[in-house]
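Input: a single structure, listed below in structure tokens.
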Amino acid sequence: MIDPQLPQSQPQTSYLTPSTAAITQGWQAHLNLSFYPRGNKTILLHKKQQGPLAVQRPFYPEGNICHAYVLHPPGGVVGGDSLTITARVAPCAHSLLTTPGATKFYRSSEGKIAHQSQTLVVEENSYLEWLPQENIFFTDAKVHLITRIELATTARFMGWELHCFGRPALNEGLGCGTVTGKTEIWIANKRILTERVAMDGQDKRFLINGLQNFSLTASFFITNDSPELLAMVQTLLDQQQQYYSSQQLVVAVTQIEGLIVIRALANWSETIMHVFVKVWQQVREQWLGYTPVIPRIWAT
């Protein structure tokens, strides 16, 4: 008898890689992860890595959910580097992925571009919680980001991305740097959302009108078909907006074809993380009936 919980062949996953013409020699790193159910918990069944990308031994602070921490040992990304992450969650599996700290994109020299590509595939009746800490783009960084999220009809997904332009403590901004790219979310092979990033440090009008003079922008995506869940998230965000002044936080939520999209502006990642974590905890409680355990790596 074939065990339906185990793969019958090695999963075939294609990488989203930038063209070779766009890359000047730097770190070329790939990380490919596949999560499958085994008994009453999810395991990291396949791991393939090349270059300076790795994943720590999985943790199980919640019993059956596989918590994995994605690591980039060099500690920062520079022009010419290329990071490619692919994660697949098989049917009936549940994984939580995060990072131990912010991903730092440093100043680019000689016009070199740093590339980061991420592909997340969530199959039928499976869960993925994609909760990385923020990207920090240092002055004069040149970065291209691509994220593609592919969800089956019955998949559940929560994931966020936080982009910080310059270091707020130094009030430095992006300078002459640029950050471009996009995030796409597909459900049942239908593209539901495309979020484009096109930040030019020299575009003062966008800084004033688009970012409203904040240094950090963030998006949080949650699969949802429940009006009650949307109402709960809206109420929670209203409470948080009252807690923080409009000079500290601007946050709003919308619903797009089975997807809740939260967008936020702030000057400090701690502010947005505080709000997003509250939303994550309440949504998870609605999904599974209990509040999730916060990854311990966030406290270090």
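If I filter region 280-298 down to residues being among the polar types (S, T, N, Q) and in a helix (DSSP H, G or I), which single residue comes out as farthest from Ser219 (Cα to Cα)?
From region 280-298, those among the polar types (S, T, N, Q) are 281-282, 286, 291; that's our starting set.
Among the residues that remain, those that are also in a helix (DSSP H, G or I) are: 281-282, 286.
Working: Gln281: 16, Gln282: 17, Gln286: 21 Å.
Ranking the candidates gives Gln286 first.
Among (1) over 17 Å from Leu31 (Cα atoms); (2) touching a strand residue (DSSP E or B) at 6+ places or on another chain (Cβ under 9 Å); (3) of a type in the set (Gly, Ala, Ser), there is one condition Ser95 misses while meeting the rest; what is its number?
Against the list (1) over 17 Å from Leu31 (Cα atoms); (2) touching a strand residue (DSSP E or B) at 6+ places or on another chain (Cβ under 9 Å); (3) of a type in the set (Gly, Ala, Ser), Ser95 comes up short only on (1).
Can you name every residue in region 184-237 that is part of a strand (DSSP E or B) and either of a type in the set (Asp, Glu) or within 19 Å of Ile272 (Cα to Cα) (or both)? Break it down stepwise before answering.
Here is the first cut: in region 184-237, the residues part of a strand (DSSP E or B) are 184-187, 190-200, 216-223.
Residues satisfying the conditions are Glu184, Glu195, Val197, Asp200, Leu216, Thr217, Ala218, Ser219, Phe220, Phe221, Ile222.
Out of Ala54, Ala102, report the one residue that is exposed (fewer than 15 other Cβ atoms within 10 Å of the Cβ) and hydrophobic (A, V, I, L, M, F, W, C). Can you show your working first?
Numbers: Ala102 fails: exposed (fewer than 15 other Cβ atoms within 10 Å of the Cβ).
Among Ala54, Ala102, only Ala54 is exposed (fewer than 15 other Cβ atoms within 10 Å of the Cβ) and hydrophobic (A, V, I, L, M, F, W, C).
I'd like the full set of residues that are modelled with pLDDT of 95 or more and either part of a loop (DSSP other than H, G, I, E, B) or not β-branched (Val, Ile, Thr) (or both), limited to region 256-267.
Leu259, Arg263, Ala264, Leu265, Ala266
What is the one condition in (1) surrounded by 22 or more Cβ atoms within 10 Å (Cβ to Cβ); (2) not in a strand (DSSP E or B) that Gly75 does not satisfy?
The failed condition is (1).
Please give the number of the condition Ser245 fails out of (1) over 21 Å from the mean Cα position of the chain (by Cα); (2) in a loop (DSSP other than H, G, I, E, B); (3) within 21 Å of Glu134 (Cα to Cα); (4) not aliphatic (A, V, I, L, M).
Only one criterion in (1) over 21 Å from the mean Cα position of the chain (by Cα); (2) in a loop (DSSP other than H, G, I, E, B); (3) within 21 Å of Glu134 (Cα to Cα); (4) not aliphatic (A, V, I, L, M) is unmet by Ser245, namely (3).
Anything in region 34-43 that is surrounded by 18 or more Cβ atoms within 10 Å (Cβ to Cβ) and not aromatic (Phe, Trp, Tyr)? List them, or say none.
Passing the criteria: Ser34, Pro37, Thr42.
Quick one: in region 218-247, which of the residues that are under 30 Å from Asp140 (Cα atoms) and modelled with pLDDT under 95 is surrounded by the most Cβ atoms within 10 Å (Cβ to Cβ)? Break it down into steps so the answer makes sense when it comes.
If we filter region 218-247 for residues that are under 30 Å from Asp140 (Cα atoms), which is where we start, we get 218-221, 246-247.
Filter once more, so that each one left must be modelled with pLDDT under 95: 246-247.
Numbers: Ser246: 9, Gln247: 11.
If we take residues in region 218-247 being under 30 Å from Asp140 (Cα atoms) and modelled with pLDDT under 95, then Gln247 is surrounded by the most Cβ atoms within 10 Å (Cβ to Cβ).
Quick check, is Thr271 closer than 30 Å to Glu110 by Cβ, surrounded by 14 or more Cβ atoms within 10 Å (Cβ to Cβ) and free of Cβ contacts under 8 Å to residues at least 60 places away in the same chain?
Numbers: closer than 30 Å to Glu110 by Cβ: no; surrounded by 14 or more Cβ atoms within 10 Å (Cβ to Cβ): yes; free of Cβ contacts under 8 Å to residues at least 60 places away in the same chain: yes.
No; evaluated as a whole, the condition is false for this residue.
Tell me yes or no: at least one residue of region 151-160 is under 30 Å from Lys112 (Cα atoms) and outside any helix (DSSP H, G or I). Outline the logic, then answer.
Within region 151-160, the first condition is being under 30 Å from Lys112 (Cα atoms), and the residues that meet it are 159-160.
Narrowing further to those that are outside any helix (DSSP H, G or I): 159-160.
Yes, region 151-160 has at least one match.
So, Gln133, is that one under 15 Å from the mean Cα position of the chain (by Cα), crowded, with 16+ Cβ neighbours inside 10 Å and in a loop (DSSP other than H, G, I, E, B) or not? Even if it seems obvious, please write down each step before you answer.
Values: under 15 Å from the mean Cα position of the chain (by Cα): yes; crowded, with 16+ Cβ neighbours inside 10 Å: yes; in a loop (DSSP other than H, G, I, E, B): yes.
Yes, satisfied.
In region 136-159, which residues are of a type in the set (S, T, N, Q) and surrounded by fewer than 19 Cβ atoms within 10 Å (Cβ to Cβ)? Spell out how you get there, then give the answer.
To start, the set of residues in region 136-159 that are of a type in the set (S, T, N, Q) comprises 139, 147, 153-154.
Passing the criteria: Thr139, Thr153, Thr154.
Return the total of residues in region 107-126 being out of contact with any helix residue (DSSP H, G or I) (no Cβ under 8 Å at 6 or more places or on another chain), at pLDDT 95 or above and part of a loop (DSSP other than H, G, I, E, B). If you could, list the steps in order and put the result at the bottom.
Of region 107-126, the ones out of contact with any helix residue (DSSP H, G or I) (no Cβ under 8 Å at 6 or more places or on another chain) are 107-112, 114, 116-126.
From what's left, at pLDDT 95 or above: 114, 116-126.
Cutting the leftovers down to part of a loop (DSSP other than H, G, I, E, B) gives us 123-126.
Within region 107-126, residues that are out of contact with any helix residue (DSSP H, G or I) (no Cβ under 8 Å at 6 or more places or on another chain), at pLDDT 95 or above and part of a loop (DSSP other than H, G, I, E, B) number 4.
Of everything in region 198-215 that's crowded, with 19+ Cβ neighbours inside 10 Å and either of a type in the set (Gly, Ala, Ser) or at pLDDT 95 or above (or both), which residue is farthest from Ile187 (Cα to Cα)?
Ranking the qualifying residues of region 198-215, first place goes to Gly201.
Restricting to region 196-226, name every residue that is among the aliphatic types (A, V, I, L, M) and under 15 Å from the mean Cα position of the chain (by Cα). Please lay out each step first, then the result.
First pass over region 196-226, keeping only residues among the aliphatic types (A, V, I, L, M): 197-199, 207-208, 211, 216, 218, 222.
Within region 196-226, Val197, Leu216, Ala218, Ile222 meet the criteria.
Does at least one position in region 183-195 carry a residue that is under 17 Å from the mean Cα position of the chain (by Cα), at pLDDT below 95 and more than 16 Å from Phe137 (Cβ to Cβ)?
So far as region 183-195 goes, yes, one or more of its residues are under 17 Å from the mean Cα position of the chain (by Cα), at pLDDT below 95 and more than 16 Å from Phe137 (Cβ to Cβ).
The values are calculated or read from the model by the stated rules, or taken from the named source; none is laboratory data. Only a predicted model underlies this, so the values are computations on that prediction, with no experimental measurement involved. All Cβ positions, even for glycine, are placed from backbone atoms using ideal geometry, and neighbour counts span all protein chains on display.
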